[in-house]
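Please read the structure below before turning to the comments.
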Amino acid sequence: MGKDEERFRLVNKAGYEAYQLIEKRMQELGPMEFTDLFVAVVGAASVCLANALRPGIEAAKGRATIADQLIASSMKQVRVLVEPAIREGS
């Protein structure tokens with residue numbers, strides 16, 4: 001397995017593990033409607049993403065510009081990752 005493939009595999013694994021932990025913690029809040037759980041999980045994932053982006057933003061000279069670029073790049077990645085779910089519903 002090449003370096004890029006290994007990195008991709010580890011990134012996917014870490015991301016999935018983070019999601020599982022977030023979902024588990026949100027379910028500890030007790031029974032809730034799907035919409036409430038969904039909002040809580042996405043909120044927790046957003047906090048995680050913000051924490052991941054923060055060091056890059058803090059290291060930049062033009063923080064607002066870099067923040068916008070990092071957020072836009074992250075959302076493009078998210079769109080690619082949800083593409084299979086979009087196609088399944090078509």
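Here are a few things to note about the model shown:
For every residue, the table says whether it meets (1) surrounded by 10 or more Cβ atoms within 10 Å (Cβ to Cβ); (2) part of a helix (DSSP H, G or I); (3) touching a residue at least 24 places away in the same chain (Cβ under 8 Å); (4) out of contact with any Asp or Glu (no Cβ under 9 Å at 6 or more places or on another chain).
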site: Met32; (1), (2), (3), (4): yes, no, no, yes
site: Val39; (1), (2), (3), (4): yes, yes, no, yes
site: Gly43; (1), (2), (3), (4): yes, yes, no, yes
site: Val47; (1), (2), (3), (4): yes, yes, no, yes
site: Pro55; (1), (2), (3), (4): no, yes, no, yes
site: Glu58; (1), (2), (3), (4): yes, yes, no, yes
site: Ala64; (1), (2), (3), (4): no, yes, no, yes
site: Ser73; (1), (2), (3), (4): yes, yes, no, yes
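- Residue check for Asp4: in a helix (DSSP H, G or I) and exposed (fewer than 12 other Cβ atoms within 10 Å of the Cβ): yes
Just so you know, all these numbers are worked out from the coordinates, no wet-lab data involved. Because the structure is a prediction, the values reported are computed rather than measured. Cβ coordinates were reconstructed from backbone atoms using ideal geometry, including for glycine residues, and neighbour counts include every protein chain displayed.
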